[in-house]
Amino acid sequence: MFATVDIADMSTLDVAAGAVRNDETVGIVLLLAFAGGYIDAYTWIIHGVMANAQTANLIFLWVYAMAGNRAEALHFVPPILAFATGTVIAAWLRRVADERAPALATLIEILLLVAIGILHNRLPDLAGTLGISMVAAMQAAMFVKVEGTMCSTVMITGNMRQAIENVFAAVARSAPSGTLRRSGIFFALCAVFGCGAAAGAFATKNIPDVALGLPVIALLIVLPRCEASRSLREQ
């Protein structure tokens, strides 16, 4: 099934002709999914909260609140607020920067991760959590499609649903051609997100001082592709 993703040939997509935006190609979205899983594992291990999965943070908040543990409940409030702030920033970038918004958002993500990585041993836990949750929110709000289809690079629930639904549609022979390939892409997103989480857990445990270097590298690959996408559309 995964062979249908044809990742090796994804660069041949007709981006220049406008068929697929560069920032929506499979390769870029997979890199973002890897980074999404990675930073979630990092924040869980370092700070005990989730960067991306605000559902989990909200559940933990109310579980501890209902148990009467107010201090532990409040621990989950800052990342939720930071995620909301990052979402507002992403919306503002789309309004003022238009086509340059994905590239600018990626650049801000890189700068925040580099700053947090450098100041890892000096920043209080709260500051690191806030910065990374903002990074997660900006990525979640800015990169929402793969080849024109809605997806997520910061959680797998929706991707898993679409993968399973597409398989069912293909088996039931009630779907257009390419449905099985789309299912493979969504399964790949889930798998790569998991690999990112595994890599993030390993790096955070073993090389915490430079653990954020890998998602920064992934985003550095994404950045020029976003800018190239804008340049092609302006021609």
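Would you please name the residue that is farthest from the chain's Cα centre (by Cα), looking only at residues in region 153-196 that are charged (D, E, K, R) and either surrounded by fewer than 17 Cβ atoms within 10 Å (Cβ to Cβ) or within 20 Å of Met50 (Cβ to Cβ) (or both)?
If we filter region 153-196 for residues that are charged (D, E, K, R), which is where we start, we get 161, 165, 173, 181-182.
Restricting the remaining residues to those that are either surrounded by fewer than 17 Cβ atoms within 10 Å (Cβ to Cβ) or within 20 Å of Met50 (Cβ to Cβ) (or both) gives 161, 165, 173.
Numbers: Arg161: 17, Glu165: 22, Arg173: 32 Å.
Step by step, filter region 153-196, then rank; the result is Arg173.
Identify the residue in region 103-129 that is in contact with a Pro (Cβ under 8 Å, 6 or more places away or on another chain) and surrounded by fewer than 18 Cβ atoms within 10 Å (Cβ to Cβ) and, among all such residues, is farthest from Gly213 (Cα to Cα).
Of all residues in region 103-129, those in contact with a Pro (Cβ under 8 Å, 6 or more places away or on another chain) come to 113, 120, 126, 129.
Within this subset, residues satisfying the condition of being surrounded by fewer than 18 Cβ atoms within 10 Å (Cβ to Cβ) are 120, 126.
On the way: His120: 12, Leu126: 20 Å.
Ranking the qualifying residues of region 103-129, first place goes to Leu126.
In region 66-89, is there at least one residue being under 22 Å from Pro224 (Cβ atoms) and assigned to a helix (DSSP H, G or I)?
yes
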Study note, to complete from the structure: In region 26-56, anything touching a residue at least 40 places away in the same chain (Cβ under 8 Å), more than 22 Å from Leu223 (Cβ to Cβ) and aliphatic (A, V, I, L, M) is listed as Ala41, Ile45, Ile46, Val49, Ala53
Practice item. Give me the pairs, please: first residue somewhere in region 130-149 and over 12 Å from Leu81 (Cα atoms) and surrounded by fewer than 24 Cβ atoms within 10 Å (Cβ to Cβ), second residue anywhere and at pLDDT below 90 and not acidic (Asp, Glu), beta-carbon distance under 6 Å, and either six or more positions apart or on two chains. Key: Glu147/Val20
Study note, to complete from the structure: Checking Asp23, Asp98, Asp9 in turn, the sole residue that is at pLDDT below 90, in a helix (DSSP H, G or I) and touching a Cys at 6+ places or on another chain (Cβ under 7 Å) turns out to be Asp23
Exercise for review: Would you check which residues across region 58-97 are of a type in the set (Gly, Ala, Ser), surrounded by 14 or more Cβ atoms within 10 Å (Cβ to Cβ) and touching a Phe, Trp or Tyr at 6+ places or on another chain (Cβ under 9 Å) and list them?
Suggested key: Ala73
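The values are calculated or read from the model by the stated rules, or taken from the named source; none is laboratory data. All values reported here derive from a predicted model rather than from experimental measurement. Methodologically, a virtual Cβ is constructed for each residue, glycine included, from the backbone with ideal geometry; neighbour enumeration extends over all protein chains shown.
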